[in-house]
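**Student:** One structure, as structure tokens, below. Some questions next.
Read-outs: derived from the displayed coordinates by stated rules, not from any lab. The structure displayed is predicted, hence computed values, not measured ones. Counting neighbours? That spans all protein chains shown, and the Cβs are built from the backbone with ideal geometry, glycine included.
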Ligand SMILES: Cc1ncc(COP(=O)(O)O)c(C=O)c1O
């Protein structure tokens, strides 16, 4: 597979050209990567008006993922989430022929949404109808939604629905039933948008579990999370069966939220990743998935509760005694760094770039743990998901004057800012909601001491 962006930059870097253009380092190797960091010079194409090397590279990505169109983002899934919602808003407006100002658009969303979704609500001014977790003792990170519930909500909300928005895989690796939920969306002539930030690799499994192959209309992947792409590199996918206009509007929607100086280092890594995916990745992925299955079996045999997750993740639920944070600390002492830990969970993410030695070291460390647990079926510490009352729109709350209060004093007040720890960056209470006693407990659980509320 050709890698046109990388080839162009490599040739340019070797050409001894006098760089009378941005970036300021002029290709001088202070850090070591400057020679390959260029701007939109002649021949380098332009991300938001791509017709040359970037267009060719994006076409490669489109073919690899089998989508209608796949566009690059150099600003992560965060940019793509906003772009997806703008695309859905524009399609909804076109479809209904309604005036944007006279009818409040509604996005139906599973509650475990990343804060980028809330920022989109602030910027685009849509209302949110939350789909609350249907499972018992749900973590903030998970939110199982059934087709029956979605059907009921879509029937109730009718034409006001702009789109349905799901996060899958979630931070703990839980996967939504995309096929069933997509069917419901399409019966209601509604778009399904999926935040697949954690699942770019899913398309390359023997049986794809990628949302685009299961019926999603729009989807974002943080390529940098599970593929060998520099941080910031992401894809916005538009399905072949989605309304054709979405493909035409995709670049404009991304540009609305993007910098006019996209990183060519990130673009090159997305470009090179195409060849990486085309040449033997499926086999390497299958191999590491097999290795991880074995690791999970060993961990389960050693007494750890290993959750059902997407294949490249190991999520351990701590039911007793030790906390996830303590285990993460112990792993750190053995120079093993986890992706995420809280009181109840430990999350580890692997890729084919991890070696067998990495997994051996993990097993050596976790295998040595003495699990003196009083195992019960119910997690003990996890706070119940907050179901706060929405007092005003997300946008109205955000643009109100605010004051910062210690969380203990915030009960009864209206939240102004999406309040979350990062990771997992899932707001506990969203702007416009009243902070109740459960929310205060949840803030404390996640170590949040202060919260910004709307000034009374
Ligand atoms: C579920 C989810 N969605 C979206 C994002 C944002 O992705 P990015 O960091 O690529 O902008 C993240 C980041 O961690 C995430 O976990």
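**Student:** Sorted from fewest to most neighbouring beta carbons within 10 Å, what does the list 217, 37 look like? Before the final figure, lay out the partial values.
**Tutor:** On the way: 217 29, 37 19.
Ascending number of Cβ neighbours within 10 Å: 37, 217.
**Student:** Going by how many other beta carbons lie within 10 Å of each one, how would you line up 166, 256, fewest first? It would help to have the intermediate numbers written out before the result.
**Tutor:** On the way: 166 28, 256 14.
By the 10 Å Cβ count, ascending: 256, 166.
**Student:** Can you show me the helix-derived [θ] at 222 nm for the chain, built from DSSP H runs with n ≥ 4 at -39,500 (n - 2.57) apiece and divided by the number of residues, rounded to the nearest 500.
**Tutor:** On the way: 15 runs with 169 residues, N = 456.
Estimated from H runs of four or more residues: -11500 deg cm²/dmol.
**Student:** Compute the Cα gyration tensor for region 394-454, then decide on rounded, prolate or oblate, letting a ≥ b ≥ c be the square roots of its eigenvalues: rounded whenever a/c is under 1.5, prolate when a/b is larger than b/c in the other cases, and oblate in all that remain.
**Tutor:** Details: a/c = 1.75, a/b = 1.27, b/c = 1.38.
Since a/c reaches 1.5 but b/c is at least a/b, the shape of region 394-454 is classed as oblate.
**Student:** Give me the percent of Cα-Cα pairs in region 40-97 that sit more than 14 Å apart, rounded to a whole number. The partial results should precede the final answer.
**Tutor:** Values: 1083 of 1653 pairs.
In whole percent, the share of Cα-Cα pairs in region 40-97 beyond 14 Å is 66.
**Student:** Another one. What ranking, highest mean first, results for peptides 49-60, 400-411, 24-35, 151-162 when packing means the other Cβ atoms within 10 Å averaged over each residue?
**Tutor:** Working: 49-60: 18.5, 400-411: 14.3, 24-35: 11.6, 151-162: 16.7.
Highest to lowest by the protection proxy: 49-60, 151-162, 400-411, 24-35.
**Student:** Compute the relative contact order of region 394-454 as a whole-number percentage, counting only Cα pairs closer than 8 Å that sit 6 or more residues apart in sequence.
**Tutor:** For region 394-454, the relative contact order is 47 percent.
**Student:** Hey, another quick one. By counting other Cβ atoms within 10 Å of each Cβ, how are 338, 80, 422, 185 ranked from fewest to most? Walk me through the intermediate numbers first.
**Tutor:** On the way: 338 20, 80 32, 422 8, 185 25.
Ordered by Cβ neighbours within 10 Å, fewest first: 422, 338, 185, 80.
**Student:** Same structure, new question: Note the direction-averaged projected area, equal to a quarter of the hull surface, for the Cα convex hull of region 210-349, in nm². Display every interim value, and only then the final one.
**Tutor:** Working: hull surface 45.3 nm².
Spelled out: convex hull of the Cα atoms, projected over all directions, averaged, 11.3 nm².
**Student:** Against the 2.2 N^0.38 Å scaling, with N counting residues, where does the chain land? I'd like the Cα-based Rg ratio to two decimal places. Can you show the working numbers first?
**Tutor:** Details: Rg = 22.8 Å, N = 456, 2.2 N^0.38 = 22.5 Å.
The reported ratio for this selection is 1.01.
**Student:** Next up: Return, for the Cα atoms of region 170-220, the radius of gyration and Dmax in Å, separated by a comma.
**Tutor:** Over region 170-220's Cα set, Rg and Dmax evaluate to 10.7, 31 Å.
**Student:** Ordered by packing density, taken as the mean number of other Cβ atoms within 10 Å over each peptide's residues, highest first, how do 61-69, 344-352, 195-203 rank? Mind dumping the intermediate values first?
**Tutor:** Details: 61-69: 19.6, 344-352: 21.8, 195-203: 26.8.
The most tightly packed comes first, giving 195-203, 344-352, 61-69.
**Student:** Something else now. Give the relative contact order (percent, whole number) for region 92-203; include only Cα pairs under 8 Å separated by 6+ residues. Before the final figure, lay out each step's value.
**Tutor:** Numbers: 155 pairs, mean separation 29.5, N = 112.
Result for region 92-203 is 26 percent.
**Student:** Can you give the relative contact order of the chain as a percent, counting alpha carbon pairs under 8 Å and 6+ residues apart? Show your work: numbers first, answer last.
**Tutor:** Working: 860 pairs, mean separation 69.7, N = 456.
RCO, the chain: 15 percent.
**Student:** Assuming 1.306 mPa s and 10 °C, estimate D for region 281-367 with Stokes-Einstein, Rh taken as the Kirkwood radius over Cα pairs, in µm²/s.
**Tutor:** On the way: Rh = 13.0 Å.
Estimated diffusion coefficient is 122 µm²/s.
**Student:** In Å, what is the Rg of the alpha-carbon atoms in region 134-245, and how long is Dmax?
**Tutor:** Cα radius of gyration and Dmax of region 134-245 are 14.3, 43 Å respectively.
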